[in-house]
Amino acid sequence: MGCMFSHLAAKFAFFPPSPPTYHVTTTPDGKLTAVSSSTSSTFPAAGDASLDVRVVKTRRGNKVTAFYLRNPNARLTLLYSHGNAADLGQLFDLFLQLKVNLRVNLMGSLSLFRSDVHTLHNPSSFHVEQNISLAYWIFLEMYDYSGYGASTGKPSEYNTYADIEAVYECLQTEYGVGQEDLILYGQSVGSGPTLHLASKLPRLRGVVLHSGILSGLRVLCHVKFKFCCDIYSNINKIKKVKCPVLVIHGTEDDVVNWLHGNRL
């Protein structure tokens, strides 16, 4: 019974856009660049120094596409893991706004529940538990999960864990980012890989959970007990997080009840 519910939770968790809203090409000088498949999202022109497009290989053999948005005055880096119903092409304009308003460099990922895109543009009232501040100059990094956008493979819980680990390693080796200067941001399903990585990094600058989930089955069934085959057991992993945490959750969220955020 538990494994059947786990399978249902996994089916609910991942809805990669088909076809993807962007693709990655190589410029004549050998640099990777992103090209939008529609007019709704505008990427910087090839050669624009504000955006690095990278493809990183995970320990599970997939190749994950990551965008690194530079802010020339940034001191911190935000690694963004978002929901399950969009890819980087659809959310790129949002990332540009984050870079400007948070004054950050950004690297991020995808994973929205169905209501998340609506919530981004029509936020309800929020219940917030806050003990960190985002008033810093920050770099932004974002990435597409395996099976999303230009990333290879298929989306799964354990692939998302390998994805965020690979992107973090890229931040370390290519940009010299240490965990002391890194904030992890996870929205909805993205709270899963975010807390997975945060539980392994005791010196993070901070963690932000936006409409986070207690676990996959608790979204579907509103249960209060544990299944052996549950996915994204955030309720257990958050206990291992040592850094400050900011929890944001809309009180009118009709997909992930705000009590998930409250308990986290």
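The values are calculated or read from the model by the stated rules, or taken from the named source; none is laboratory data. Since the structure is predicted, the reported quantities are computational estimates derived from the model, not experimental observations. Neighbour counts are summed over all protein chains in view; Cβ atoms, including those assigned to glycine, are modelled from backbone coordinates with ideal geometry. Heads up: the accessible areas ignore ligands, DNA and RNA and are worked out on the full protein's heavy atoms, side chains in. Shrake-Rupley method; radii C 1.70, N 1.55, O 1.52, S 1.80 Å.
Worth pointing out:
- Top-ranked residue of the stretch 167-204 - restricted to ones that are of a type in the set (D, E, K, R) and assigned to a loop (DSSP other than H, G, I, E, B), ranked as surrounded by the most Cβ atoms within 10 Å (Cβ to Cβ): Lys200
- Residue check, Tyr143 touching an Asp or Glu at 6+ places or on another chain (Cβ under 7 Å) and closer than 23 Å to His23 by Cα: yes
- Val100 meets all of the listed conditions (1) at pLDDT below 70; (2) open to solvent by 50 Å² or more (accessible area, probe 1.4 Å) but one, namely (1).
- Within the stretch 205-215, the set of residues being open to solvent by less than 10 Å² (accessible area, probe 1.4 Å) and either touching a strand residue (DSSP E or B) at 6+ places or on another chain (Cβ under 9 Å) or assigned to a helix (DSSP H, G or I) (or both) comprises Gly206, Val207, Val208, Leu209, Ser211, Gly212.
- Test: residue in the stretch 152-160 that is modelled with pLDDT under 95, assigned to a loop (DSSP other than H, G, I, E, B) and within 12 Å of the chain's Cα centre (by Cα): no
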